[in-house]
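*Asks:* To start, I am sharing the structure in question, which I have written as structure tokens.
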Amino acid sequence: MNHKKFVRFELIVLAVVTLLLAYRVMHGPPEPKGAVVLADIDVESIHHTAFSLDRAGLITIDAVGSFESANKADSVLAAYGWILDRRRRDVVWRMDPFTATREHGRVASVRDTVELGPGTYDVYFTSYGNRSNAHFRFSFLDRLFGHESAWRSDEDKWKLILRGTDGENELIERLHDEPDEVLAPQPSDLVWSTAPMRGRQSREYVFQVSEPTQLSLYAVGEIDDDQMDYGWIEEVVSGRRIWEMTLDNTMYAGGWSVNRAFRDTLHIRPGIYRSYYETDPLQSWKDWVANPPFDPAAWGVTLSANPISAVSPFDPLSSRTPIVELTRVGDDERRLAQFRVNQPVQLAAYAVGELAESGRYDWAWLRNNDTQESIWEMTHENSRQSGDDNSNRAELAFFRLEPGTYSIGYETDDSHSFDSWRHGRPDHPDRWGVTLYPVEEQVDSSVVEVLDYEQISLGDDEGIPAPPAPPMHVSELPGSTIAMISSIGNEQRQSTAFTLDEPSRIHVLAVGEISISGRYDYGWIENADTGEIVWEMTWQNTEPAGGADRNRRYNGTLTLEPGNYVVHYNSDFSHAYGDFGDEPPFDPENWGVRISKLPL
């Protein structure tokens with residue numbers, strides 16, 4: 001071969017080598033071979049696959065991760081893998097910093113074998129690190145001098161490979177394209193599960209227990225000094241929590257130090273309970289900020305029961321006869337129902353409405369007529385999303401009511417209500433409103449008596465204020481109402497007189513508009529014989545009345561001498577009953593003053 005041909009040959013070989021090197025750089029090293037392979041792992045990611053075994057076998061594991069520090073002998077792993085038994089929710093193998101071999105300071109290499117029985121297994125590899133503030137890149141100097149995040153430069157080495165021993169790769173059947181729900185806990189006696197949960201969510205399950213039952217709980221969440229992603233179980237009527245995830249009763253769940261898990265059994269008696277789980281926006285399933293727990297798909301709470309036949313969902317819509325039903329409410333309406341409770345009773349209210357974090361638009365409430373105490377108001381915080389739109393909300397609330405007279409109401413604004421949906425329908429559109437049910441299956445009709453229903457228009461197309469709401473059944477209240485100015489609109493001046501023949505203790509309920517800078521809608525009582533003001537609404541003696549900050553309420557008692565008295569109420573040109581320019585108070589029909597004489 002002459003010199004020219006030899007040079008040409010060398011050039012061809014060099015070109016081929018160059019192309020091979022370029023291909024290698026662009027496409028990386030060839031994928032490792034094995035029955036299960038996790039490779040090409042990025043920083044700040046969790047990789048997952050699954051496999052099943054139809055018989056017991058010995059599995060060979062080849063894994064490479066990273067230590068958090070190149071210099072500390074007791075350094076933990078920042079990037080690592082593990083295997084989870086899907087049925088038992090136990091870690092059957094994981095990379096251990098104490099048995100891993102150090103290579104080049106930070107690289108952790110493991111070759112191991114593990115014997116596994118028949119079943120389904122989840123394989124994970126995480127590379128978020130163990131601190132939530134490590135989300136930044138690093139320079140060459142950081143890497144050279146061992147910056148705490150320098151382990152991230154090892155990503156091209158990370159892998160987790162499983163093989164059957166002695167070439168028995170057919171022992172391992174790789175599973176593909178499984179939905180998230182399949183990865184979550186699924187015990188044979190499952191009652192309810194929220195897993196796996198994303199951030200900014202809340203789930204609840206109301207259930208009835210018919211006999212003493214063992215309730216098994218498995219919960220994974222985030223708890224540090226505060227409870228961030230956690231759950232609890234409460235008795236629905238008393239609100240007493242019989243179980244709650246805390247830092248003390250949970251164990252470390254793997255990964256970031258705030259990942260916590262609870263696994264135990266509760267013995268519960270017959271009754272009605274509510275299980276609840278909520279998450280904050282920081283981290284959750286598929287949205288981790290540091291290394292996840294060893295069982296990431298269990299993020300949430302899972303309940304199972306023995307006997308499972310003793311536990312059933314509590315659904316008053318299908319299992320109870322309504323006592324009061326204010327539903328299919330349209331735009332600009334207020335529905336009111338008043339009822340008398342003759343014996344202590346447990347009741348449940350189911351309400352569907354429109355609520356946002358910034359305000360309430362279509363919502364329900366329950367009030368004690370005797371004391372004017374607000375017993376319950378529908379809120380965004382305590383309600384759950386109903387349908388695709390987050391502003392459509394449903395709430396199931398429970399109360400124990402003592403004998404007395406009560407009002408339940410529902411109010412809508414000028415848009416998005418029954419049969420006129422502006423942004424999506426709720427799950428139960430015909431329940432738009434509020435319905436009151438007995439908690440017990442059998443309640444005598446004499447225990448709760450409905451007194452009347454009222455439907456009020458809150459305005460017409462010309463913006464004319466609605467007529468005043470009818471007075472409550474004050475004759476049914478303990479004591480007697482001796483003066484009332486109620487449902488006051490804008491720019492009104494009203495007065496009414498009353499006489500006391502003896503020293504008397506009176507109860508005053510007044511709602512109006514007062515701020516620190518002044519009084520706008522307010523009431524006062526004047527002694528008609530002397531002209532002395534014996535009581536008046538002020539910022540100091542009132543409390544928030546719900547809704548806008550300027551809504552204020554006085555709810556108290558005072559003693560008056562015999563004589564003639566006049567109660568007055570003034571309103572200014574805006575923000576009053578029938579035309580609230582801002583969010584109304586919880587009990588808008590009480591905008592005014594009511595005076596009752598109480599026994600001494």
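Rule-based calculations on the coordinates, nothing more; no lab input. Quick caveat, the model's predicted, so the values are computed rather than measured. Here the Cβ is made from the backbone with ideal geometry for all residues, glycine too, and neighbour counts use every protein chain on show.
*Asks:* Calculate, for ARG263 and SER45, the FRET efficiency according to 1/(1 + (r/R0)^6) with r their C-beta to C-beta distance and R0 30 Å; round to the nearest 0.05. The partial results should precede the final answer.
*Replies:* Working: r = 27 Å, r/R0 = 0.91.
Efficiency at R0 = 30 Å is approximately 0.65.
*Asks:* For n ≥ 4 DSSP H runs only, could you compute -39500 (n - 2.57) per run for the chain, divide by its residues and tell me the 222 nm figure to the nearest 500?
*Replies:* Helix contribution divided over all residues of the chain: -2000 deg cm²/dmol.
*Asks:* Which residue, ASN291, PHE262, SER309, has the largest displacement toward the positive end of the dipole of region 236-368 when charges sit on each Cβ (Lys, Arg +1; Asp, Glu -1)?
*Replies:* Going by the charge dipole, the pick is SER309.
*Asks:* Let me ask something else. In nm, give the distance between the simple-model label positions of ASP315 and ARG102, each being 7 Å from the Cα along the Cα-to-Cβ direction.
*Replies:* 6.0 nm
*Asks:* Shifting gears a bit: Let me check against my output: what whole-number percent is the relative contact order of the chain, with C-alpha pairs under 8 Å and at least 6 apart? Before the final figure, lay out each step's value.
*Replies:* Working: 1442 pairs, mean separation 63.8, N = 600.
Value for the chain: 11 percent.
*Asks:* When only Cα pairs under 8 Å and 6 or more residues apart are kept, what is the percent relative contact order across region 315-464?
*Replies:* Relative contact order comes out at 42 percent.
*Asks:* With +1 on the Cβ of every Lys and Arg and -1 on the Cβ of every Asp and Glu, and nothing else charged, how large is the dipole of the chain about its Cα centre, in debye rounded to the nearest 20?
*Replies:* On the way: 54 positive and 96 negative charges, 615 e Å.
Charge dipole of the chain: 2960 debye, to the nearest 20.
*Asks:* Distance between Cα centroids, region 532-569 to region 26-92: provide it in whole Å.
*Replies:* 70 Å
*Asks:* Which of these values of Rg/Rh (Cα atoms, Kirkwood Rh) was calculated from the structure shown: [x] 1.16; [y] 1.09; [z] 0.97?
*Replies:* Label of the calculated value: [x].
*Asks:* What residue among PHE398, TYR277, ILE595 has its Cα farthest toward the positive end of the dipole of the chain, where the charges are +1 on Lys, Arg and -1 on Asp, Glu, each on the Cβ?
*Replies:* Of the candidates, TYR277 comes out farthest on the positive side.
*Asks:* Is region 479-600 rounded, prolate or oblate when judged by the Cα gyration tensor, a ≥ b ≥ c being the square roots of its eigenvalues, rounded requiring a/c under 1.5 and prolate requiring a/b larger than b/c?
*Replies:* Because a/c hits 1.5 or more and a/b exceeds b/c, region 479-600 counts as prolate.
*Asks:* Can you pull out the chymotrypsin sites (Phe, Trp or Tyr not before Pro) in region 498-600 whose DSSP state is coil and whose Cβ has at most 16 other Cβ atoms within 10 Å? Write out the running numbers ahead of the final one.
*Replies:* Working: sites: PHE498, TYR520, TYR522, TRP524, TRP535, TRP539, TYR554, TYR565, TYR569, PHE573, TYR577, PHE580, PHE586, TRP591; in loops: TRP539, PHE573, TYR577, PHE580, PHE586.
In loop regions of region 498-600 (DSSP not H, G, I, E or B), the sparsely surrounded chymotrypsin sites (Phe, Trp or Tyr not before Pro) are TRP539, PHE573.
*Asks:* List residues of region 341-358, by number, whose backbone nitrogen lies under 18 Å from a label position 7 Å along Cα→C-beta of LEU451.
*Replies:* Under 18 Å, as judged by backbone N against the label point of LEU451, lie 341-345 of region 341-358.
*Asks:* Any idea what the dipole of region 36-178 comes to, in debye rounded to 20, about its Cα centre with Lys/Arg Cβ at +1 and Asp/Glu Cβ at -1?
*Replies:* Details: 18 positive and 25 negative charges, 86 e Å.
Roughly 420 debye for region 36-178.
*Asks:* Which listed residue (VAL434, VAL64, VAL324) has the Cα farthest towards the positive end of the charge dipole for the chain, taking +1 on Lys and Arg C-beta and -1 on Asp and Glu C-beta about the Cα centre?
*Replies:* VAL64
*Asks:* Take every Cα pair under 8 Å in region 189-313 that's 6+ residues apart, average their separations, divide by the length, and report that relative contact order as a whole percent.
*Replies:* 47 percent
*Asks:* Another one. Which entries of LYS72/LYS286; LYS33/LYS157; LYS33/LYS286 have Cα-Cα distances beyond 24 Å here? List each step's numbers first, then the result.
*Replies:* Working: LYS72/LYS286 31 Å; LYS33/LYS157 15 Å; LYS33/LYS286 27 Å.
From LYS72/LYS286; LYS33/LYS157; LYS33/LYS286, over 24 Å: LYS72/LYS286; LYS33/LYS286.
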